[in-house]
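Following: one structure in structure tokens, then a few remarks.
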Amino acid sequence: AKSEAGGFVTPFFLALRICGLAPWSSDRFPTASRAYRVFVLCIAALAALSLLIEAAYARDELLKASGKCGWSSTCWRQRGLFSEVPLALALLTGLVVLGAWRGSMSLVNNLILLESYAFQQGLMEKLISRRRRETRWVVGLSLSSVFLGTAGLLLYSKDWKPSPEAVWSYFAQMITFLMLLCVCFCLLYVCSVLGMCADAFCCNVVDDLDLSAVVHEWNVLQAILRKSSSTIELAFVAFMCSVMCYIPLLMVDFYALREYHDSLPALLPGLVVCIGIVRLFFLAAAITDKCTRISPLINSLSFGPGTERYREYIVDYITNSAAGFYVFDVRLSTAMVLKFIYVWGVVAFGLSTQLFSSQT
């Protein structure tokens, strides 16, 4: 099926196809489409396994405090970084829970629903503008990650000739990061459209000043919010867990590379990807914040004489419905995201203090 908003030609659907979350063709070559999805999953699993093996090897070298190369700047890509492992596992988990292995169309159908609703609300121009902005954001992160990874591979290799092990590790890292950013772009786009739908509801209420259709429109918006949240909540949790593990492991990598300051740029590609994931958290939380401000907005408007009681009923109804972005029946807010970042910032600070104080 194709949506009236543009069908399968949008960057969102292209990202879905690259990640194996949408078929390349609904009618022709169904076997090839299924084979490609399996191929994508195998590539993600192989990259994750490669990074896991490298991290295990790096752990042994770190514990032995000896070895041919250790963590030296000339061969840092021959030793895995611990912080890359949760990102690789988040990619693999995200692809599985979004249905890449079974050809699920849940994310595609959800996007068609969102774009159809946006089309009915007259949001296509804003939708296209937001789509372009999110595309530029993810492409910028992808190019930054590739540039930093390539620069690290070349600058810190002996005589600008990286070893086969370093090249393999580099490709495993880049495949993981680029595919992870691709999946992140899909989730970013869904959250962006949901935020636009909440804004459109507010604009319609202010422009029409008609209470008779508010309850129906609110029920439709609330159903779309819950449907979209339930579609991506598992992948959202996988990304959240990856950030939880990434922050302390980043401190471990920083500690391991403390004596080789020229190798510290090895941490930058993963940090760039983590920034994109954290932005996803804030976009999802902003949906709830917008929904909580709808009741005060309606309560501040005048809909004519004799409508005060019905307006109060609508305000109470919207407030008690507690709409927003839900993750397993927990409504996500910006305050929760800020607390999450604060707590894990404290954990990272405490871990780094403990690691470095043990060497003094």
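Remarks
- Residue check for F303: at pLDDT below 90, under 29 Å from Y117 (Cα atoms) and buried (at least 18 other Cβ atoms within 10 Å of the Cβ): yes
- All of (1) open to solvent by 50 Å² or more (accessible area, probe 1.4 Å); (2) among the acidic types (D, E); (3) under 18 Å from the mean Cα position of the chain (by Cα) hold for E134 with one exception: (1).
The rows are residues; the columns are (1) touching a residue at least 24 places away in the same chain (Cβ under 8 Å); (2) open to solvent by 40 Å² or more (accessible area, probe 1.4 Å); (3) part of a helix (DSSP H, G or I).
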| position | (1), (2), (3) |
| --- | --- |
| I175 | yes, yes, yes |
| M196 | yes, no, yes |
| V205 | yes, no, yes |
| A213 | no, yes, yes |
| E217 | no, yes, yes |
| I232 | yes, no, yes |
| A235 | yes, no, yes |
| Y246 | yes, no, yes |
| Y255 | yes, no, yes |
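- Residues that are closer than 14 Å to Q222 by Cα and among the aliphatic types (A, V, I, L, M) within segment 315-330 comprise I318, A322, A323, listed in sequence order.
- Selected residue (only one of R258, R279, R309 is out of contact with any Leu (no Cβ under 8 Å at 6 or more places or on another chain) and modelled with pLDDT of 85 or more): R309
- Among the residues making up segment 307-355, those that are open to solvent by 70 Å² or more (accessible area, probe 1.4 Å) and more than 31 Å from the chain's Cα centre (by Cα) are E308, R309, Y310, E312, Y313, D316, Y317.
- Condition met for L297 (open to solvent by 30 Å² or more (accessible area, probe 1.4 Å), within 16 Å of I232 (Cβ to Cβ), in contact (Cβ under 8 Å) with a residue 40 or more places away in the chain and part of a helix (DSSP H, G or I)): no
- Screening D253 against (1) farther than 30 Å from L209 by Cα; (2) touching a Cys at 6+ places or on another chain (Cβ under 8 Å); (3) not aliphatic (A, V, I, L, M) leaves a single unmet condition, (2).
- Residue within segment 50-71 that is open to solvent by less than 40 Å² (accessible area, probe 1.4 Å), at pLDDT 60 or above, in contact with a Lys or Arg (Cβ under 6 Å, 6 or more places away or on another chain) and within 24 Å of L89 (Cα to Cα) present: yes
- Complete set of residues in segment 84-121 that are of a type in the set (D, E, K, R) and either open to solvent by 50 Å² or more (accessible area, probe 1.4 Å) or without any contact (Cβ under 8 Å) to a residue 12 or more places away in the chain (or both): R102
The values are calculated or read from the model by the stated rules, or taken from the named source; none is laboratory data. Keep in mind the model is a prediction, meaning the values are calculated, not measured. Reconstructed Cβ throughout: ideal geometry from the backbone, glycine too, with neighbour counts over all protein chains shown. Just the protein is used for accessible areas: all its heavy atoms, side chains included, with ligands, DNA and RNA removed. Shrake-Rupley method; radii C 1.70, N 1.55, O 1.52, S 1.80 Å.
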